[in-house]
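Report on the structure given below.
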Amino acid sequence: MPRDVENTSPAPPITLTESPNSVTTERSESPTSSEQSSPTAERQRQFVIVPDAQQVKATNLHPYTRTLTISDLDSCVALENAAFTDPRDRATPEKFRYRLSKCGELCLGIFCTVVPNSGFQAETLAAAKPVETDRKNGAVSVLLGHVVAAKTDDATATDDSMSVPEGWDSPHPAPTKRGHQEAGRTIVLHSVAILPGFQGRGLGRVLMMAYIQNMNGAGIADRLALISHDHMVAWYEKLGFTNRGKSATQFGGGGWYDMVLELKQLQPRAAYG
């Protein structure tokens, strides 16, 4: 999962806004990373090292979250390619198209609003969509991070759950255990990513906490599951995930740990009549 998603900056913590707001483009030097990573023989994910001048001041952002749709496909692909320099660690464009089409309600993005030609830079800016069609300043909604997920019948992430079924977009796809399982009670987070220039600012935590809150309130699953390399295990544990040990999944060459978070069960409401 993304490097430097934990808020290691001395800047004030980021809070979500309720609607798209404009953002200024003042620059600042990047914070010093305090990521705790231990040496390991296993392959680690490779990430972009962002020059100081390209870091964006967290206090100038007014981030907000919303459910992703198929219209966000290009932004998600651009974000994934920017966050993960090793192609083996990326979800493919076809996987994004599949998941945003079949289970977009399980996918969440964190955005900020930007006025074009204001000097703001982000890998997803070119794919950004207008906030409102009649807004005079032409402001667009820029994707900064995403959680892309699907359901499975298993209790943890599996290679089948990460797959895309053949012919999924045909009028009558054949039944399969691969990919999204609508009746599944485990939501597998397949991609958790923050743009390199916005990492280390707390956006990852904000996005994940918003996602957990949404899924707790939805009552559509019993748990969240994901796979993590060892250097990110502690970060997910701080969010409430439990390390279930080495994962059997071989995505990207393997070397993962299964992380699971049990969702809160909705309490039955009293009936009034």
The stretch 53-69, residues that are out of contact with any Phe, Trp or Tyr (no Cβ under 7 Å at 6 or more places or on another chain), modelled with pLDDT under 50 and within 16 Å of G145 (Cα to Cα): Q55, K57, A58
Across (1) under 22 Å from N214 (Cα atoms); (2) in a helix (DSSP H, G or I); (3) of a type in the set (D, E, K, R); (4) out of contact with any helix residue (DSSP H, G or I) (no Cβ under 7 Å at 6 or more places or on another chain), D72 clears everything bar (4)
Filter pass, R269 being modelled with pLDDT of 90 or more, of a type outside the set (S, T, Y) and more than 20 Å from the chain's Cα centre (by Cα): no
Does any residue of the stretch 133-153 turn out to be assigned to a loop (DSSP other than H, G, I, E, B), more than 24 Å from P63 (Cβ to Cβ), of a type in the set (S, T, N, Q) and without any contact (Cβ under 8 Å) to a residue 40 or more places away in the chain? no
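Would you confirm whether any residue within the stretch 115-126 is closer than 21 Å to D169 by Cβ and within 16 Å of the chain's Cα centre (by Cα)?
Step one: of the stretch 115-126, the residues closer than 21 Å to D169 by Cβ are none.
There is no residue in the stretch 115-126 that is closer than 21 Å to D169 by Cβ and within 16 Å of the chain's Cα centre (by Cα).
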Of a type in the set (V, I, T) and buried (at least 16 other Cβ atoms within 10 Å of the Cβ) - does that describe any residue in the stretch 191-199? yes
Exactly one condition in (1) modelled with pLDDT of 95 or more; (2) within 23 Å of V260 (Cα to Cα); (3) in a loop (DSSP other than H, G, I, E, B) is false for E123; which is it? (2)
Restricting to the stretch 207-244, count the residues that are farther than 21 Å from A155 by Cβ and buried (at least 23 other Cβ atoms within 10 Å of the Cβ). 1
Go through (1) surrounded by fewer than 22 Cβ atoms within 10 Å (Cβ to Cβ); (2) within 22 Å of I70 (Cα to Cα) for D160 and report which single condition fails. (2)
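Does any residue of the stretch 36-52 turn out to be modelled with pLDDT of 85 or more, surrounded by 12 or more Cβ atoms within 10 Å (Cβ to Cβ) and over 15 Å from the mean Cα position of the chain (by Cα)?
No, the conditions are met nowhere in the stretch 36-52.
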Matching entry among D72, D86 (being at pLDDT below 95, of a type in the set (D, E, K, R) and on the phi < 0 side of the Ramachandran plot): D86
What's the number of the condition L106 fails, among (1) modelled with pLDDT under 95; (2) crowded, with 19+ Cβ neighbours inside 10 Å; (3) touching a helix residue (DSSP H, G or I) at 6+ places or on another chain (Cβ under 9 Å)? (1)
Taking the stretch 82-105 and keeping residues out of contact with any strand residue (DSSP E or B) (no Cβ under 9 Å at 6 or more places or on another chain), part of a helix (DSSP H, G or I) and within 17 Å of E123 (Cα to Cα) leaves P87, P93
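The values are calculated or read from the model by the stated rules, or taken from the named source; none is laboratory data. Everything quoted here is computed from the prediction, not taken from an experiment. Cβ coordinates were reconstructed from backbone atoms using ideal geometry, including for glycine residues, and neighbour counts include every protein chain displayed.
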